[in-house]
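Notes for the one structure printed next.
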Amino acid sequence: MSEACVYGPPFKSSGAIQAIEKVSSSSEIIQIDNKDTQLLKGKNSCLTLDILEQFLIKKKQNPNNIINFCFDDPMYQIILASCYSHGKWVEKNERKAFVYYQKSAEMDNASGICGVGYCYDKGIGIEKDENKAFIYYQKSAEMGLAIGTYNVGCCYQNGIGVE
């Protein structure tokens, strides 16, 4: 499993870049059209953070604008978790990262569920528990998340959380 990202290797997505390019900003908050957010769903959190950072630099936006709109949608919860996990635009706080992945998981978001698994797998913001990691990875895989399937395979290959 990749150490560079929260739960998977980065990949390119012109759709995600187009979604960020369509972002319009007000003085208080960045607003993304619901249709545009669909282009970001299922994208790797590291890629999403990099795209958002490029947008912020290009548009000379305050990073707090990104944090402020991350509260109502499971995808945004994942972005916020990634910010805390990587210390991007906020002070690094692994416990908060876990909490936000968990909130996304509670909304039945496969990526959030996989993120919770990764936190249990690596002991990020929660005590390491390989059995729980495997269970969360397996649930995300059953929901059709490719990286969840990959992580389940890694668990079997490395004897992590499997009996």
A97 being crowded, with 17+ Cβ neighbours inside 10 Å and touching an Asp or Glu at 6+ places or on another chain (Cβ under 7 Å): no
- request: Could you grab me the full set of residues in region 147-163 that are among the aliphatic types (A, V, I, L, M) and either modelled with pLDDT of 95 or more or buried (at least 21 other Cβ atoms within 10 Å of the Cβ) (or both)?
  value: I147, V152
query: Can you name the residue in region 68-122 that is part of a helix (DSSP H, G or I) and of a type in the set (D, E, K, R) and is also nearest to A146 (Cα to Cα) among such residues?
result: D121
task: Mind listing whichever residues of region 100-126 are farther than 23 Å from C155 by Cβ and surrounded by fewer than 18 Cβ atoms within 10 Å (Cβ to Cβ)?
output: M107
field: From the options C83, C155, C114, residue that is free of Cβ contacts under 8 Å to residues at least 40 places away in the same chain and within 27 Å of Q54 (Cα to Cα)
entry: C83
message: Taking the condition of being charged (D, E, K, R) and outside any helix (DSSP H, G or I), how many residues in region 123-146 meet it?
response: 3
- prompt: With respect to Y120, is the statement that it is without any contact (Cβ under 8 Å) to a residue 60 or more places away in the chain and touching a Gly at 6+ places or on another chain (Cβ under 7 Å) true?
  reply: no
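The values are calculated or read from the model by the stated rules, or taken from the named source; none is laboratory data. Every value quoted in this text rests on a predicted model; they were computed, and no experiment measured them. FYI the Cβ positions are ideal-geometry reconstructions off the backbone, even for glycines, and counts take in every protein chain you see.
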